[in-house]
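Report on one structure; see the data block that follows.
The values are calculated or read from the model by the stated rules, or taken from the named source; none is laboratory data. Here the structure is a predicted model, which means the values were calculated and not measured. Backbone-built Cβ (ideal geometry, glycine too); neighbour counts: all protein chains shown. Only protein heavy atoms, including side chains, enter the accessible area calculation; ligands, DNA and RNA are left aside. Shrake-Rupley method; radii C 1.70, N 1.55, O 1.52, S 1.80 Å.
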Amino acid sequence: MEATKLCSMSPLFLFLLGILSFMASLADAETHYHDFVVQQTPVTRLCRTHNIITVNGQFPGPTIAARNGDTLVIKVTNRARYNVTLHWHGIRQMRTPWADGPEYVTQCPIKPGGTYTYRFTIENQEGTLWWHAHSKWLRATVYGALVIFPKSGSSYPFPAPKIDVPIILGEWWDRNIVDVLRQALFTGAAPNVSDAYTINGQPGDLYRCSSQGTVRISVNSGDTVLLRVINAALNQQLFFSVANHKLTVVGADAAYNKPFTTRVIMVGPGQTTNVLLTADQPPARYYMAARAYASGQNVTFDNTTTTAILDYKTATSRTSSPVLPQLPAFNDTATVTQFTSQLKGIPSLAKVAKNVDENLFFTIGLGLVNCTPGPRCQGPNNTRFAASMNNVSFVLPRKTSLLQAYYQNIPGVFTTDFPPSPPVKFDYTGNVSRGLWQPRFGTKLYKLKFGSNVQLVLQDTAIVTTEDHPIHLHGYHFFVVGQGFGNFNPKTDTAKFNLVDPPVRNTIDVPVGGWVVIRFVADNPGVWLFHCHIDSHLTWGLGMSFLVENGKGKSQSIEPPPADLPQC
């Protein structure tokens, strides 16, 4: 009888328990306030001192730490000489599109002397994200880690580490980065490559005048270390490894995955990867190192190597050089494929949509614009470099943002006729006719119905060269259900989709000369940028924007703009 009563009361008991747990999580949630001052700061690297743009005088900028469910309020004051915005890379920004940050998409830039306060809540995300400037190329030095711990009372789905440290991979130019951009825009040629890579802002022992600043992580034998690896490089995918140590991959882009062990990882610009390392080697000093994965043929790149040191406290020698890991060859696509193929999601955390409402196909890649030979046409054969999706090279507005134009019904800023598939079908990874090399220019959005299940095929092209492209979707994360090389074939490749445990990402590397298929639910109203996270490619137009509205009118779909929203 008592057992019967208990069973009959269980649904009500579980419902009340759920309500209590929800209220407890609200009670535990905190609001974190930060003041970010964007300013010019003298920094010495590679024997020279440069004035770079930083946040709070720090390079990299401050690490933001919060828990899943917390709210962040970040007041940004611009004391630099350039316009700036900040983007919270990977934060879903549910119902807070005004806080996303890409200039002329969700806001006009913060002008010198201006301020803007970003307000948003972290919802159902744990792991490692990051923040960075999203205007011009200022993110070369304006970036920092965004660490999201589990809710109070919750834990990781793996043993808690003894040491927890962000590892931010970056690029360093031995000149003003804005001048590098201006030169590339003027000439139409590819930008000068970086002079060094960095780990947490330091080039490391293999560069001139750099060994004193090399990052060191001290460990005791047996320690478990969580390395939160972030690729903040402006234009380069990077291999990363730690000499003689195995890396257990446990998360990517603030989503957990099925753990697997590897010696090397590849991180595309914008991506994050969490790895566990056990200090189980003979006490000594070991280099962690990163260098380029360069997939484009005849594309110049920085071929140097950045290092930091994993330093066992009981090591007997401090004079011998640390052990250097064996990194893959610069063009080792096979190692990249082996690594990415091991990433599997955790089915219990999220379910991928089985039915598709919107089936989209986007070609992505470079292009060339014909022009009169001269100083402004220094690309290949007297052309200017361009890039496009579905042959549309994305042009940002300059007098308002796309979100503001949508919300306020400002005409003439954008159209909603971005093509759902290539205007012309061709052998995408074969010998492409030169008549298809020059894209059209426009500010075209694609309108998604709120709540629709979206499948999107991203297809690399051989225009100019095939190349690995890291593609980032703002405001969302997505499931990677399939990828491969050559041209996507819906008749044969669809049958190979992983709908059981696909990995969750916010930035996906489209394989060189290949394709990738992602799925997501259009459940977040707003205007969301979708673009290559190689900044030179975005500058050339490799992007577009999705417009998502919930059908109830703008007042229900999107909150009104904040009072301090910058104006153009």
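Observations
- Residues of the stretch 347-394 satisfying the condition of being over 21 Å from the mean Cα position of the chain (by Cα), β-branched (Val, Ile, Thr) and modelled with pLDDT of 95 or more: 356, 369, 383, 392
Yes/no matrix, rows are residues, columns are (1) among the hydrophobic types (A, V, I, L, M, F, W, C); (2) modelled with pLDDT of 95 or more; (3) open to solvent by 10 Å² or more (accessible area, probe 1.4 Å):
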{"position": "479", "(1), (2), (3)": "yes, yes, yes"}
{"position": "497", "(1), (2), (3)": "yes, yes, yes"}
{"position": "504", "(1), (2), (3)": "yes, yes, yes"}
{"position": "510", "(1), (2), (3)": "yes, yes, no"}
{"position": "528", "(1), (2), (3)": "yes, yes, no"}
{"position": "532", "(1), (2), (3)": "yes, yes, no"}
{"position": "541", "(1), (2), (3)": "no, yes, no"}
{"position": "550", "(1), (2), (3)": "no, no, yes"}
{"position": "555", "(1), (2), (3)": "no, no, yes"}
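- Filtering the stretch 257-278 for residues that are assigned to a strand (DSSP E or B), buried (at least 20 other Cβ atoms within 10 Å of the Cβ) and aromatic (Phe, Trp, Tyr) leaves an empty set.
- When residue 337 is tested against (1) open to solvent by less than 40 Å² (accessible area, probe 1.4 Å); (2) in contact with a Pro (Cβ under 8 Å, 6 or more places away or on another chain); (3) at pLDDT 95 or above, exactly one condition is not met: (1).
- Search result, residues across the stretch 83-95 that are open to solvent by 30 Å² or more (accessible area, probe 1.4 Å) and in contact with a Lys or Arg (Cβ under 9 Å, 6 or more places away or on another chain): 83
- Output for the stretch 258-282, where each listed residue is in contact (Cβ under 8 Å) with a residue 40 or more places away in the chain and of a type in the set (Val, Ile, Thr): 262, 264, 265, 267, 272, 273, 275, 278
- Test: residue in the stretch 71-78 that is basic (Lys, Arg), in contact with a strand residue (DSSP E or B) (Cβ under 7 Å, 6 or more places away or on another chain) and surrounded by fewer than 23 Cβ atoms within 10 Å (Cβ to Cβ): yes
Table: residues versus (1) of a type in the set (Phe, Trp, Tyr); (2) touching a residue at least 24 places away in the same chain (Cβ under 8 Å).
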residue: 413; (1), (2): no, yes
residue: 418; (1), (2): yes, yes
residue: 426; (1), (2): yes, no
residue: 433; (1), (2): no, no
residue: 442; (1), (2): no, yes
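- Restricting attention to the stretch 434-451 and to residues that are assigned to a loop (DSSP other than H, G, I, E, B) and modelled with pLDDT of 95 or more, the residue that is least open to solvent (accessible area, probe 1.4 Å) turns out to be 439.
- Pairs are defined by a Cβ separation below 8 Å, a sequence spacing of at least 6 or placement on different chains, a first member in the stretch 318-331 that is under 10 Å from residue 292 (Cβ atoms), and a second member that is part of a loop (DSSP other than H, G, I, E, B) and modelled with pLDDT of 95 or more; the pairs so defined are 330/294; 330/301; 330/303; 331/294; 331/295.
- Of all residues in the stretch 461-514, those that are aliphatic (A, V, I, L, M), in a strand (DSSP E or B) and more than 18 Å from residue 427 (Cα to Cα) total 6.
- If you go through the stretch 30-69 and keep only what is touching a residue at least 24 places away in the same chain (Cβ under 8 Å), in a loop (DSSP other than H, G, I, E, B) and under 25 Å from residue 127 (Cβ atoms), you end up with 30, 59, 60, 61, 62, 63, 68, 69.
- Restricting 537, 531 to those that are under 20 Å from the mean Cα position of the chain (by Cα), in the same structural domain as residue 416 (by the TED database), under 24 Å from residue 333 (Cβ atoms) and in a helix (DSSP H, G or I) reduces the list to 537.
- Among the residues of the stretch 292-307, the ones that are in a strand (DSSP E or B) and crowded, with 23+ Cβ neighbours inside 10 Å come to 4 in all.
- Test: residue in the stretch 141-154 that is farther than 19 Å from residue 231 by Cα, outside the structural domain of residue 40 (by the TED database) and assigned to a strand (DSSP E or B): no
- Qualifying residue in the stretch 103-116 (condition: under 25 Å from residue 78 (Cβ atoms), open to solvent by 20 Å² or more (accessible area, probe 1.4 Å), free of Cβ contacts under 8 Å to residues at least 40 places away in the same chain and touching a strand residue (DSSP E or B) at 6+ places or on another chain (Cβ under 7 Å)): yes
- Residue check for residue 409: free of Cβ contacts under 8 Å to residues at least 12 places away in the same chain, touching a Lys or Arg at 6+ places or on another chain (Cβ under 9 Å) and not assigned by the TED database to the domain that holds residue 298: yes
- Against the test of being buried (at least 24 other Cβ atoms within 10 Å of the Cβ) and at pLDDT 95 or above, the options 254, 243 yield a single qualifying residue, 254.
- Restricting the first member to the stretch 283-298 and to residues that are closer than 13 Å to residue 321 by Cα and modelled with pLDDT of 95 or more, and the second to residues that are crowded, with 23+ Cβ neighbours inside 10 Å and among the hydroxyl-bearing types (Ser, Thr, Tyr), the beta-carbon pairs closer than 6 Å and six or more apart or on different chains are 287/307.
- The set of residues in the stretch 203-240 that are out of contact with any Cys (no Cβ under 7 Å at 6 or more places or on another chain), surrounded by fewer than 20 Cβ atoms within 10 Å (Cβ to Cβ) and of a type in the set (D, E, K, R) comprises 216, 223.
- Cross-chain or 6+ apart pairs with Cβ under 9 Å, the stretch 211-224 first and over 17 Å from residue 169 (Cα atoms) and in a loop (DSSP other than H, G, I, E, B), then among the aromatic types (Phe, Trp, Tyr) and at pLDDT 95 or above: 220/312; 221/312
- Selected residue (criterion: least open to solvent (accessible area, probe 1.4 Å)) from residues of the stretch 373-430 that are within 21 Å of residue 513 (Cα to Cα), part of a loop (DSSP other than H, G, I, E, B) and of a type in the set (Ser, Thr, Tyr): 428
- Any chance residue 187 is at pLDDT 95 or above and surrounded by fewer than 23 Cβ atoms within 10 Å (Cβ to Cβ): yes
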